[in-house]
C-alpha cells in the first residue's frame, strides 16, 4: 500500500469517528466535491481536517486537506451503499445514532455553559483562592562539596577555615557532577534530599558551612547554606490552564447536580446501581 493510500485510510478512519455535528446551512458554504448526488462542502472538509488522526497532524496543510478529502469521499461512497441496503432503518443503527446525538448535545451544552462561560476573572479568583490555601513551605539554597573520604572532607573544611573560596574548592575537589556550578544545589524543600543531608542543612544559618563532614550514601559532604526562603507560589501564567480546568470542572459538576435534582434516576441492576452510587458520592 502506498504512503498516500495509508494516509487516506487513516483520514477515513478519523472521519468515521468524528463527533456528530450539524454542518453550516449557508449558501456561501462552497461545495468542494460531488459524489453522485451527495456533496462535500467546505465546512465538512474543514471539520474533517480539524479532526484528522494525530499521526497526520504534522503534515503540511495541503496534504492534510487531500488526506481529509480522500477520507470524506470514501465515507460518502460507503454511506450511499449503506443507504441502498437500508442500514439507516435498522434498530441497531438508530440506537447508535441516538447515542451519538445525545453525546453531541451534551458536548454542545458543555461548550455553551462551561467552556465558553469561564471568564478570566473567575480563573484569576480561583488562582488566588488556591494560592491562599497552600501551606507555607520552607526552602533552602545550598552548595556542597562531595568527596569519597572523611579525611578529604576535613581537609576541605580546614581550607575554608583558612579563607579559601567555597565555589572554587567545589570546582576543584568535588566529585559531584554539579561541581562546574560550584556545587550549587539550588533551592529545595524538605523531602528532596537524603535524610542525613536534610537533618543538617535546614538547621544551619545562612552563610555558614558545616564544620564537620556530613556522611550519606554518596560519600562525605561539606555543605554551605546560601539562602533561606518561603517557597514562592507558582506564577499565574504558568498554572492558568490547570486553574481553568478546575473552574470548568466545578461548573460542570454544578450543572450535573442541578440536572439530577430535576430528574429521577433509576438503575435496575443492583450491582450497577451500587457502583453508580459509589462513584458519584460527594467527596
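Would you check which residues across the range 193-216 are assigned to a loop (DSSP other than H, G, I, E, B), in contact with a helix residue (DSSP H, G or I) (Cβ under 8 Å, 6 or more places away or on another chain) and loosely packed, with under 14 Cβ neighbours inside 10 Å and list them? Selection gives 211, 212.
You will find that of 224, 179, 244, 251, the residue that is out of contact with any strand residue (DSSP E or B) (no Cβ under 6 Å at 6 or more places or on another chain), crowded, with 16+ Cβ neighbours inside 10 Å and closer than 25 Å to residue 162 by Cβ is 179 and no other. A single entry from 31, 49, 16 fulfils the requirement of being exposed (fewer than 15 other Cβ atoms within 10 Å of the Cβ) and modelled with pLDDT of 90 or more: 31. The set of residues in the range 72-97 being in a helix (DSSP H, G or I) and farther than 26 Å from residue 42 by Cα consists of 87, 89, 91, 92, 93, 94, 95, 96. Going by the conditions given, is residue 167 part of a helix (DSSP H, G or I) and in contact (Cβ under 8 Å) with a residue 12 or more places away in the chain? Considered against the rule, which asks whether it is part of a helix (DSSP H, G or I) and in contact (Cβ under 8 Å) with a residue 12 or more places away in the chain, residue 167 comes out as yes.
The values are calculated or read from the model by the stated rules, or taken from the named source; none is laboratory data. In this text the structure is predicted, and so the values were computed from the model without any measurement. All Cβ positions, glycine included, derive from the backbone under ideal geometry; neighbour counts span all protein chains shown.
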